[in-house]
Amino acid sequence: MTRKQRRMTILGVGLACLAVATALVLTALSDKVTFFYSPSDLAADDAGHNARIRLGGMVEEGSVVKEGDGITTAFVITDFAQAVPVRYTGVLPDLFREGQGIIATGRMDQGTFIAEEVLAKHDETYMPPEVADALKAAGKWQMGDQP
Amino acid sequence: MPNFLHSLASPARFQRIANAVLPWVSVLAAVLLGVGIVWGLVFSPPDYQQGDTVRVMYIHVPAAWMATFCYAVMALLSASFLIWKHQLADLAARAASPIGACFTAIALITGALWGKPTWGTWWVWDARLTSVLVLFFLYLGHMALSAAFDDRERGGRAAAILACVGAINLPIIKYSVEWWNTLHQGASVFRMDGPTIDNSMLWPLLLTVLGFNMLFVVLLLVRIKSELLARRIEVLQRARASGRG
């Protein structure tokens, strides 16, 4: 084995070990690396009791209710398997609407998720408004929301 | 191909090829960036959800891709420096890291500017954003480490090892949006089922992406050339000093 080949082998083996180590660490941490839990995770109690967590999912169609004080909103977050009622007092992001993916930070309180912060999740679809209108007119609209 | 790459390690031959290529690539970069940016920022349509905020994409996406691509180039150069001891590979890796750091900074800043109106926040610690921030620190570490030793060779080796180890971050960045729930959306262009960007937005995006690629080549070649000249000056000065003494 020449010195070049030896250096190549050391580098290759070193990086392979590192890759395996990283994969193991990330697998072990996969729950913690996750930015938000889905309503199903919450139902399966993966998220822990009373902990401050982020809950992510779709705003259920027809679930958004503005309360009397004008800044409190009640709605339901769903992943189409489980649903969680949410209450939030504060200003909602522009993209917040029924059918939109959102992530709420807060904690569970007697079956209701009390949110302190609501972020809109943007999906990976980009198109001009005319195309969106044309898709809806043709009945090929697959997004849940109605902008 | 390996023989061709090894032959590039000769500084004289590299300089000849770089001088021949540079004017063409510079013109190409200017045209692609000029057309792509004007098309993207002015003439392309607004998005149905984000409105004009979508135009950040024409800078953010190419910058983010180049941030990772530049790191991949730097890691390969570093590996070839560690294995074959090509001095030019060391030089090129040192030349690449500040360029990559700039692309990463552009991606992080434009991402924050887009995130505030779209998500409602400048920054979150999700897997994608955090792994790109780590990439930025890897670039800074590489720059610091390569200049940290009086002996250039030792600094080069330490930095090259860091560059190779840090390459593990690249698949994490790429797949972070698939492996974990993140606030950052998944890939729109490279997907199994085809791009989810309308063609009227995809074309200007592809132009700016190609333009950023060419810009990277130009910057890298110019930086390597000037570094080669700097080393030659150093050698000449040393020869003159020892001749006098």
Completion exercise
Checked against (1) within 12 Å of chain A (Cβ to nearest Cβ); (2) part of a helix (DSSP H, G or I), B:Val209 satisfies every condition except (1)
Practice task
Keeping to the stretch B:115-157, report how many residues are under 15 Å from B:Ala96 (Cβ atoms) and aromatic (Phe, Trp, Tyr).
Solution key: 2
Fill in the blank from the handout: When A:Val33 is run through (1) within 14 Å of another protein chain (Cβ to nearest Cβ); (2) within 27 Å of B:Thr53 (Cβ to Cβ); (3) of a type in the set (A, V, I, L, M); (4) without any contact (Cβ under 8 Å) to a residue 40 or more places away in the chain, the failure sits at (2)
Practice task
Filter the stretch B:40-94 down to the residues that are among the β-branched types (Val, Ile, Thr) and out of contact with any Asp or Glu (no Cβ under 6 Å at 6 or more places or on another chain), then identify the one that is surrounded by the fewest Cβ atoms within 10 Å (Cβ to Cβ).
Solution key: B:Val42
Exercise for the section: Could you list all residues from the stretch B:49-76 that are more than 13 Å from chain A (Cβ to nearest Cβ) and either of a type outside the set (Phe, Trp, Tyr) or in contact with a Lys or Arg (Cβ under 6 Å, 6 or more places away or on another chain) (or both)? Expected result: B:Ile59, B:Pro62, B:Ala63, B:Ala64, B:Met66, B:Ala67, B:Thr68, B:Cys70, B:Ala72, B:Val73, B:Met74
Completion exercise
Taking the stretch A:121-138 and keeping only residues that are of a type in the set (Gly, Ala, Ser) and either in contact with a helix residue (DSSP H, G or I) (Cβ under 7 Å, 6 or more places away or on another chain) or in a loop (DSSP other than H, G, I, E, B) (or both), one is left with A:Ala138
Problem - Output for the stretch A:52-90, where each listed residue is touching a residue at least 40 places away in the same chain (Cβ under 8 Å) and among the polar types (S, T, N, Q) - result: A:Gln82
Handout entry: For A:Ala74: the one exception among (1) away from every other protein chain (no Cβ under 14 Å); (2) under 17 Å from the mean Cα position of the chain (by Cα)
Key = (2)
Handout entry: Condition met for B:Lys116 (surrounded by fewer than 16 Cβ atoms within 10 Å (Cβ to Cβ), within 12 Å of chain A (Cβ to nearest Cβ) and in a helix (DSSP H, G or I))
Key = yes
Fill in the blank from the handout: So the strands (runs of 3 or more DSSP E) completely within the stretch A:15-120 holding 3 or more residues that are exposed (fewer than 15 other Cβ atoms within 10 Å of the Cβ) are A:112-120
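On the basis of being touching a residue at least 12 places away in the same chain (Cβ under 8 Å), of a type in the set (Phe, Trp, Tyr) and within 26 Å of B:Gly156 (Cα to Cα), does B:Trp84 make the cut?
yes
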Handout entry: B:Ile106 being touching a Cys at 6+ places or on another chain (Cβ under 8 Å), buried (at least 17 other Cβ atoms within 10 Å of the Cβ) and away from every other protein chain (no Cβ under 11 Å)
Key = no
Problem - Identity of the residue in the stretch B:133-174, part of a helix (DSSP H, G or I) and of a type in the set (Phe, Trp, Tyr), that ends up nearest to the other protein chains (Cβ to nearest Cβ) - result: B:Phe137
Fill in the blank from the handout: Checked B:Ala159, B:Ala167 against criteria (small (Gly, Ala, Ser), under 30 Å from B:Arg231 (Cβ atoms) and touching a His at 6+ places or on another chain (Cβ under 6 Å)); the one match is B:Ala159
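Every number here is computed from the coordinates shown, using simple stated rules; none is lab data. Treat the numbers as computed from the prediction; the structure is a model and nothing was measured. Neighbour counts run over all protein chains shown; Cβ positions are idealised from the backbone, glycine included.
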